[in-house]
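Reviewing the structure listed below.
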Amino acid sequence: MPPTHRSVPPASALLVIDMQVATVAIAHRAAETVEVIAGLRERARASGVPVVTIQDHGGGLRAGTAPWQVVPELAPTPYESVLRKDSPDSFLGTGLDRLLRDSGITEVVVTGFATEICVDTTARQALSHGYDLVLVADGHTTSVRPAGGAYATPARSVAHHNEIFRNLAFPGRAVRVLPASEVPFPPQG
C-alpha cells in the first residue's frame, strides 16, 4: 500500500475517465471540459507524470467502434497507458491498481465523465486503495439533462460533488479539489 504520510511531493498520475466520442456528445460543457483535460495532459506529460486513459466498454459501447473511441483532443499517445473497464469503478478488473503501484504512484488526479457515476466511484476507490486524491474541479462533467427531471442539473451535480470531496475526510489520505490551473505536477523522478 502506498505510504500515507509523505515528506516529499507525491508521485502523481493523471486519470482521464471515459472521455469518449459517445459520452462527450452528451456531456455538459463538453468543449470546456475537453480543453481543461487536454491542458492538464500537456502539463502532466511535460513533468513526466503518467497519464492513464480509461475507456468504458459497457453500456452499449463496443470496443473499436467510432462512439467508443477517445475524443481526438485526448487521444492517448503510444507511451500512455489505456485501460478498458466495464463498470463505474476504474479499479475493478482493469489492472489500474497494479499499474499505479508498479509505477510508484501515491496520488491520482481524477478527471472525466460522468461526475456522479464513474468519476465519483473511481475517486472513492482510489482512496480505498490507499492513494491520495486530487479531484479536478473543472475537469469532470456529466450528461446534459432535461430541466425539471429527477436528477440534479449538470452544473449542480458537478458543484455538489466538488463540495462533497472538499469536505471528505479519509483517514491517512490527502483529498483536494482544485481547479486545473492549480493542480501541481512536480517533475517526476
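The values are calculated or read from the model by the stated rules, or taken from the named source; none is laboratory data. All of these numbers come straight from a predicted model, not from anything done at the bench. For neighbour counting, all protein chains shown are included, and Cβ atoms are generated from backbone atoms with ideal geometry for every residue, glycine included. When the accessible area is computed, the model is the full protein with side chains, heavy atoms only, and any ligands, DNA or RNA have been set aside. Shrake-Rupley method; radii C 1.70, N 1.55, O 1.52, S 1.80 Å.
Among residues belonging to segment 111-129 that are touching a helix residue (DSSP H, G or I) at 6+ places or on another chain (Cβ under 9 Å) and of a type in the set (Gly, Ala, Ser), point out the one that is surrounded by the fewest Cβ atoms within 10 Å (Cβ to Cβ).
Among those that are touching a helix residue (DSSP H, G or I) at 6+ places or on another chain (Cβ under 9 Å) and of a type in the set (Gly, Ala, Ser), it is ALA114.
Please return the ranges of strands (runs of 3 or more DSSP E) entirely within segment 97-189 where 2 or more residues are touching a strand residue (DSSP E or B) at 6+ places or on another chain (Cβ under 6 Å), closer than 18 Å to ALA11 by Cβ and touching a residue at least 60 places away in the same chain (Cβ under 8 Å).
Those strands (runs of 3 or more DSSP E) span 107-113, 132-141.
Can you say whether ALA22 is free of Cβ contacts under 8 Å to residues at least 24 places away in the same chain and within 22 Å of VAL158 (Cα to Cα), as far as the supplied structure shows?
no
If you take the residues of segment 10-25 that are of a type in the set (A, V, I, L, M, F, W, C), outside any strand (DSSP E or B) and open to solvent by less than 30 Å² (accessible area, probe 1.4 Å), which of them is farthest from THR111 (Cα to Cα)?
Looking at the filtered set, the residue picked out is ALA11.
Each row is one residue, and each column tells you yes or no for (1) in contact with a helix residue (DSSP H, G or I) (Cβ under 8 Å, 6 or more places away or on another chain); (2) within 28 Å of PRO186 (Cβ to Cβ).
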| position | (1), (2) |
| --- | --- |
| ALA11 | no, yes |
| GLU35 | yes, yes |
| ARG62 | yes, no |
| GLU73 | yes, yes |
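I'm told ASP102 meets every condition in (1) farther than 20 Å from GLY139 by Cα; (2) at pLDDT 95 or above; (3) among the acidic types (Asp, Glu); (4) surrounded by 13 or more Cβ atoms within 10 Å (Cβ to Cβ) except one. Can you identify the failing condition by its number?
Checking ASP102 against (1) farther than 20 Å from GLY139 by Cα; (2) at pLDDT 95 or above; (3) among the acidic types (Asp, Glu); (4) surrounded by 13 or more Cβ atoms within 10 Å (Cβ to Cβ), the one that fails is (4).
Being among the aliphatic types (A, V, I, L, M), open to solvent by less than 40 Å² (accessible area, probe 1.4 Å) and closer than 16 Å to GLY112 by Cα is the filter here, so list the residues in segment 139-189 that pass it.
VAL158, VAL177, LEU178, ALA180, VAL183
Within segment 85-96, restricting attention to residues that are over 26 Å from GLU163 (Cα atoms) and more than 14 Å from the chain's Cα centre (by Cα), which residue is most open to solvent (accessible area, probe 1.4 Å)?
ASP86
Go through VAL175, VAL144 for me and flag whichever is more than 22 Å from GLY39 (Cα to Cα) and in contact with a helix residue (DSSP H, G or I) (Cβ under 8 Å, 6 or more places away or on another chain).
None of the other options fit; the residue is VAL144.
Just one of the numbered conditions (1) modelled with pLDDT of 95 or more; (2) closer than 14 Å to ILE17 by Cβ; (3) crowded, with 19+ Cβ neighbours inside 10 Å; (4) not β-branched (Val, Ile, Thr) is not true of GLU107; which one?
Going through (1) modelled with pLDDT of 95 or more; (2) closer than 14 Å to ILE17 by Cβ; (3) crowded, with 19+ Cβ neighbours inside 10 Å; (4) not β-branched (Val, Ile, Thr) one by one, GLU107 breaks only (2).
Can you work out which of the residues in segment 26-63 that are part of a loop (DSSP other than H, G, I, E, B) and without any contact (Cβ under 8 Å) to a residue 40 or more places away in the chain is surrounded by the most Cβ atoms within 10 Å (Cβ to Cβ)?
It comes out as HIS57.
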